[in-house]
Amino acid sequence: MTFFTSQYECKLDAKGRIVLPARVKSQLPEGDQELVVRKGFEPCLIVYPMVEFKKVFSKISGLNEFNEEYRKLQRNFLSGVVTVELDGNGRFLIPKPMLAYAQIEKDAMLVGTGNKVEIWDPATYEKQLIQDPGELSKLAQKHLEQ
């Protein structure tokens with residue numbers, strides 16, 4: 001089972017490649033070097049192991065193509081997707097338009113969020129974090145209490 005947590009400061013090389021931290025790489029399914037990168041709903045990138053992306057793809061592609069709203073979702077969601085492979089050094093290339101979308105230049109923050117990893121510009125990521133522990137507590141209570 002894939003289970004990504006924590007956050008990692010990383011740097012892109014001159015070609016736009018990023019090295020997956022060892023802890024993240026160790027959580028990839030055995031022998032699976034293929035990843036899917038998509039544009040996030042916020043200005044970040046989402047990285048899925050192929051097995052996890054197939055679950056999301058199944059839901060998106062299973063929507064009724066005769067419904068205009070579903071078509072818009074499919075079109076916009078899937079057009080922002082690329083498949084990449086890890087090289088022998090655990091790196092993968094992020095296409096330049098995706099880096100521009102996420103406003104990532106040299107430094108990046110990788111954040112494990114369960115079955116996927118988000119890649120953020122560090123300053124943008126910092127703005128997304130909840131600063132007030134009370135607000136986090138209220139969110140947890142609202143969405144996790146039964």
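Read-outs throughout are calculated quantities, based only on the coordinates presented, and are distinct from any laboratory measurement. All values derive from a computational prediction rather than experimental measurement. Every residue, glycine among them, receives a Cβ derived from its backbone with ideal geometry; neighbour counts consider all protein chains shown.
Below is a table of values for the structure above.
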item: Separation of alpha-carbon centers, the range 108-146 and the range 20-54, rounded to whole Å; result: 18 Å
item: For the chain, built as a Gaussian network whose Cα springs stay under 10 Å, the top-fluctuating residue of Gly62, Gly90, Gly112; result: Gly62
item: Contact order normalised by residue count of the range 7-144, Cα under 8 Å, 6+ apart, percent; result: 33 percent
item: Cβ-based charge dipole, the range 7-144, positive-most Cα from Asn64, Leu12, Ser79; result: Asn64
item: Candidates per GluC sites (Glu not before Pro) in the range 23-68, loop by DSSP, up to 10 other Cβ within 10 Å; result: Glu30, Glu65
item: Loop sites in the range 8-111: trypsin sites (Lys or Arg not before Pro), DSSP, at most 16 other Cβ within 10 Å; result: Lys15, Lys106
item: In Hz, Karplus ³J(HN,Hα) per residue of the range 122-132 (6.51, -1.76, 1.60; θ = phi - 60°; x = Gly, Pro); result: x, 5, 5, 4, 4, 5, 7, 6, 7, 8, 9
item: Under 18 Å from the Cα of Lys15 - aspartates and glutamates, other chains or at least 8 residues apart; result: Glu85, Asp87, Glu105, Asp107, Asp121
